[in-house]
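The values are calculated or read from the model by the stated rules, or taken from the named source; none is laboratory data. Computed from a predicted model, the values in this text were never measured in an experiment. All Cβ positions, glycine included, derive from the backbone under ideal geometry; neighbour counts span all protein chains shown. When the accessible area is computed, the model is the full protein with side chains, heavy atoms only, and any ligands, DNA or RNA have been set aside. Shrake-Rupley method; radii C 1.70, N 1.55, O 1.52, S 1.80 Å.
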Amino acid sequence: MSAQNLLIIGQGDIGLPVTNQLAIDGVSVTGLARSKREHYDLDDHAKFMQADALSLTSDQLQVFSAIAIIVTPDEYSAHGYSNSYLAICKHLASLADELSQLERIVFISSTGIYGQDNGEWIDENTVTVEPERDASKIIMQAEQALQQGFKDKAIIIRPSGIYGRERLMRLRKARESNKEAIAAEHWSNRIMDRDLVTVIANVLTLDRADTEQAKLLKPLYIATDYLPVTTLELDAWLSKKLGVTAAEVNNKSLATGKRLHSNIPLTWLDYPDWQTGYQDILQHQQ
């Protein structure tokens, strides 16, 4: 992409680091959020736009070559998801025909849109089974709105479970004194937050004119590491590292969850598997 000028809608736990990483890399980038700039620890080289994404006009967006939508709902309910993910994607899609300079629009979705729940393997070509959760259904509708509006300019990134040095749910679970028995075969998938930031930044800046970079550009990325793991194995590994008692096994349950096949280039990941990621987290806990 020549003369890159990027807009990052949403300055939360992922959007802000993406904006900062791009700014540090020397890319012209603007972070958009509803609060004032001083509420966000933005890099000095990043520009800022205070606005509600639902009020954006084609004139305001005309200058951008790529846009990323990295938002979280105000409330974790069907209403909250409709008013954030879906409403923003529909609004931007309504402006698609007027954004002649836009080369790429990237939506951070979720692997929760896969309704499969019997331990199946899923890759980028897998047809989704309709999810049970209303929130996941709404996120799928948001994807479809962007794809219908922007056609091949729309790129979807579906992250799996995001974890990191400050996202410690599994460590807290492992440390619990009265653990419930864990299903023998419930499959889970994850990506380190720092790796997700890299993935988004790379997808935004891949150059279609560069033959090698163009090969890496896909309409859909399953943003997960290279090693699905059962919750039981993860708990046993963490418990051993923490010196605590592992959970007992519930052998009565059938296989659940899903196993995601990552299509993220391995060179983009500093934490290609959960052991590498949690080893890093444990080192930073000391």
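Structure values in brief
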read-out	value
Cβ-based charge dipole, the chain, positive-most Cα from Gln50, Gly164, Asn178	Asn178
Convex hull of the stretch 184-280 built on C-alpha atoms - directionally averaged projected area, nm²	7.1 nm²
Helix-only mean residue ellipticity at 222 nm for the chain, each DSSP H run of n ≥ 4 adding -39500 (n - 2.57), per residue, nearest 500	-9000 deg cm²/dmol
Burial ranking of peptide ranges 246-259, 229-242, 195-208 (average Cβ count within 10 Å, highest at the top)	195-208, 229-242, 246-259
Translational diffusion of the stretch 43-173, µm² s⁻¹ [Kirkwood Rh, Cα pairs; Stokes-Einstein; 4 °C; 1.567 mPa s]	79 µm²/s
Whole-number accessible area per residue in Å² for the stretch 107-227, which is evaluated in the context of all protein chains at 1.4 Å	49 Å²
Anisotropy class of the stretch 112-176 from Cα gyration tensor, a/c 1.5 cut	prolate
Fraction of antiparallel bridges per DSSP, the chain only, in percent to nearest 5	10 percent
Whole-number percent relative contact order across the chain, with pairs defined as alpha carbons under 8 Å at least 6 apart	19 percent
Top of Ser65, Ser77, Ser177 by mean-square fluctuation, Gaussian network on the chain, Cα under 10 Å	Ser177
Mean Cα-pair separation over length for the stretch 71-133, i.e. relative contact order, pairs under 8 Å, 6 or more apart, %	22 percent
P(r) weight above 18 Å for the stretch 49-93, C-alpha pairs, percent	29 percent
Average Cα contact separation per residue, the stretch 115-189, under 8 Å, 6 or more apart, as relative contact order %	28 percent
